[in-house]
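In what follows, a structure is listed as C-alpha cells, so that the remarks can point back to it.
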Ligand code: SF4
C-alpha cells in the first residue's frame, strides 16, 4: 500500500486532509484508533475499540474503511452499522460528505433503510384503481397525495413525503418482501426500491442501523438475506449489540399483531377488501373465526398475566400454552393460496399469496411461543409481557452468544466494535462484552477522551443518605431534598437521571412546586416527546430535565444547558424480568456469579454512559452529584467510581 493511502499518509501535516482543511488537527486518540482499525482490516482480525467522548471516532473508523473499500472493489461493501437512524443520517449528511471531499479517490457510499420504507408503484396503482379503498376521507386524501408525490419524488421513500402517512395507508403502497414481481413488473425500470437495491449491491461503503443488520443476520441464519455479502462490518455504539441481537433473534406476538394481518385482508371498505373480492365463503367464515379466537385468546393471556401479579412479565418456563388460532389461520392461509391460483389478475394473485405467506409465518411464530422446544439449537425463553396494546407472548434466545459466535464472528465478516463505553474500565480485554457476544478472539484498544475531566468535573458524593435497597421511602424523600438543594444552587441547568418511571414521577412531583417557586422550569420525560423536551431544554438552558432509561445515553446537551448532573441511583437493572431471571439461572448453573458477571458490569457500563452526558465539548464544565450511598458503603461501589475517566482515578474518601 502506498504511504499516500494510509492513515499516516492521509493525515500527514502535508497530506490531503490538512491541505483541504488547514485548521484540521488530528487528535492523538483519533490517530491511535484509526491505526488500530486500519491494522484490523488488513489483518482480518476482529477489533474492540473503546474511544472516550470527543475522540472523533466516526472519522477514525470511516477513513480506514473508505481506504479499505477502495482497495477491495468487487469484494462487497464495508458495512457501517449505527444504533439509530439519527446516527445513520449524521454519517450520511455530515461525516461521509466531508470524507468524500477530502479523500483523493472516487468511492461510493450508500445509506440503506428497510424495504417497507419504499413506495411500490405497482401496489400504489392497484390501490388507486380501487378508488374507494378507504371509507375515511382523510385516508383517501392521503392516498391521492401519495399518487401526486410519486410523480416528483427522487427516492420514493416514506421519509421524503411532506406528511407522515397513516400506517393503514402506507401499508397499501409500500414495497414488501414476497410481494414483488421483480423484472416481470412493468414499473421495474422506474422502481425506487429496485434502484436502491442496485445501489446497495454496488456500494463500497454501506451505512445501515443495528436493527436492520441483525434482522438481516436472522434472515441469513434462515438461508435468505437482504444486505449484500460483505467482508467487513463496523458497529458503532456496539454496547447495544447484545440487546439488538436478542430482539432480532427473538419473537413476540400480541392481539394487535394478529389483528393487523386480519385487517389487511378485510379491513378496508368491506365490499372492496381482498377477502370480499376474491375470498371464498369458507374463507370469510374462517376470517370471522380467526377474529373471535384472537380476541378470546389474548384476553386469556392478559388474565394469566394479571393473575401472576408480575409487572415485568410472567415466565412460562416449560409450560405449553393451548391456543386455538393456528388451525384457523392455517386453513385461512390455504384458502387464500387457492384463491391466488384461481384469479387471473397478477396483482390480486400477488396480494393473496403474500397474505397467505404472512399468515403461515404468523402460525410459525405462535407455535414457537406456545410450544416449548428444549431440543432447539438455541432454546427460547418464553414469557407474557404487558404492552400498550395488551399482553404479548414473547420469546428470546437464552443466550445469543452461541448464535453470534457461529453466524457472525466465526464464519462471518471481520468486525470492528466501537463505542465510548464497552467495558467496566478495569477489564483490559473486554471479557464481559466478549463473553456476552460470543466474540472469543479479538484485538482490543482503549483510548481515553481528550477532555480534561480532572479540571472540568467536580464530583459530589453526599454522605449519610438512606440505603435505597433497604429504605426506599426515606431514600426517595432525601433524593427530592438533595436534588432541590443542588439544582437551586446551580440555577437549574440540570439533568436528573433515575432508574424507574415510578421514581421519575415521584421525584418530579416532589420537585415541581419548589422549582416553580424558584422560577426553574421542570421537564419530565414522558410528559412530551423526547425531541420536544430536548428542544425546550436547549431553548431554556436553566430548565431541569428529569427522566430514566433513554436519558442515560445518546443525548447531547452542551454548554450552559447542562452544568449539573444528578445520578439518583446506581443503574442496576430490575432482576424481575423473566429473560434476566432465566439468564441469571443459566449463569448459576454454569457455576458463575450472576451479580459479578452480569448485573454489576451492566450497571457500571450504564453509570459510565450517564456520567458521559455532562461533558460533551472541550469547553464544558460541571458538577456530578451521585446520591446513591452504595458507592461509598458497598465493596463494589469503588468499581463504579474508578470506572470514571479521572486521570488518577477517583477517591471516594476525598483523600
Ligand atoms: S418491482 Fe416490485 S417493488 Fe418495484 S414497483 Fe414492481 S412490484 Fe413494486
Response to the item:
One finds the C-alpha centres of the stretch 2-34 and the stretch 133-177 to be spaced, in Å, by 46
Worksheet entry | Angle in degrees between helix 281-308 and the longest Cα principal axis of the chain, rounded to the nearest 10 | 30
Fill in: Percent of beta bridges antiparallel (DSSP, the stretch 59-209, rounded to nearest 5)
20
Worksheet item: Based on the alpha-carbon gyration tensor of the stretch 1-116 and its eigenvalue square roots a ≥ b ≥ c, which shape applies: rounded if a/c is under 1.5, prolate if not and a/b is larger than b/c, or oblate?
Response: rounded
Practice prompt. Can you put 480, 343 in order of Cβ neighbours within 10 angstrom, beginning with the fewest?
Written response: 343, 480
Worksheet item: In degrees from 0 to 90, rounded to the nearest 10, what is the angle of the helix 472-489 Cα long axis to the longest principal axis of the chain?
Response: 70
Fill in: Centre separation in Å (Cα based) which lies between the stretch 295-337 and the stretch 569-629
34
Response to the item:
Rounded to the nearest 0.05, FRET efficiency between residue 441 and residue 636 (Cβ-Cβ, R0 51 Å) equals 0.95
Worksheet item: Bin by bin, in steps of 20 Å, what percent of the Cα pairs in the chain do you find, going until the bin that has the longest distance?
Response: 16, 45, 34, 4, 0
Practice prompt. Provide the percentage of antiparallel DSSP beta bridges, counting only those with both residues in the chain; round to the nearest 5.
Written response: 25
Worksheet item: Could you give the nm distance between label points at residue 252 and residue 536, where each point is 7 Å from its Cα heading toward the beta carbon?
Response: 2.7
Worksheet item: When a footprinting reagent is the concern and you count Cβ atoms within 10 Å, what order do 221, 253 take, fewest first?
Response: 221, 253
Discussion item. Below 8 Å, C-alpha to C-alpha, sequence gap of six or more: please give me the relative contact order for the stretch 453-642 in percent.
Written reply: 30
Worksheet item: Given the Cα-Cα distance of residue 186 and residue 285 and 0.36 nm per residue of separation, how much length would full extension add, in nm?
Response: 32.1 nm
Worksheet item: If r is the Cβ-Cβ distance from residue 12 to residue 106 and R0 is 22 Å, what FRET efficiency results, to the nearest 0.05?
Response: 0.55
Worksheet entry | Diffusion constant of the stretch 115-191 at 10 °C, which comes from Stokes-Einstein with the Kirkwood Cα-pair radius and 1.306 mPa s, µm²/s | 126
Worksheet item: In whole Å, what is the distance between the alpha-carbon centres of the stretch 88-130 and the stretch 187-264?
Response: 14
Worksheet item: Can you give the relative contact order of the chain as a percent, counting alpha carbon pairs under 8 Å and 6+ residues apart?
Response: 15
Practice prompt. Taking only the C-alpha atoms, wrap a convex hull around the stretch 506-655 and report its volume per residue in Å³ as a whole number.
Written response: 152
Discussion item. Can you sort 171, 553 from fewest to most other Cβ atoms within 10 Å of each residue's own Cβ?
Written reply: 171, 553
Item to complete: For the stretch 543-655, calculate the relative contact order in percent as a whole number, restricting contacts to Cα pairs under 8 Å that are 6 or more residues apart.
Response: 35
Fill in: the stretch 251-396: C-alpha pair distances exceeding 19 Å, %
53
Worksheet item: Taking only Cα atoms, what is the 0 to 90° angle, nearest 10, from helix 137-150's long axis to the longest principal axis of the chain?
Response: 80
Item to complete: Pull out a ≥ b ≥ c, the square roots of the eigenvalues of the alpha-carbon gyration tensor of the stretch 23-72, then state rounded if a/c is under 1.5, prolate if not and a/b is larger than b/c, and oblate in the remaining case.
Response: oblate
Fill in: Extension gain from residue 346 to residue 388, taking 0.36 nm per residue of separation minus the Cα-Cα distance
11.3 nm
Discussion item. Checking the a/c ratio against 1.5 first, then a/b against b/c, what shape does the Cα gyration tensor give for the stretch 164-309?
Written reply: oblate
Item to complete: Would you calculate a helix-derived [θ] at 222 nm for the chain, using -39,500 (n - 2.57) for each DSSP H run of n ≥ 4 and dividing by the full residue count, to the nearest 500?
Response: -14000 deg cm²/dmol
Worksheet item: Between residue 159 and residue 295, what length in nm is gained on full extension when 0.36 nm per residue of separation is reduced by their alpha carbon distance?
Response: 45.6 nm
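Laboratory data are not the source of any read-out in this text; all were calculated from the coordinates shown. These numbers were taken from a predicted model, which means no experiment stands behind them. Note: ideal-geometry Cβ built from the backbone for every residue, glycine included; neighbour counts use all protein chains shown.
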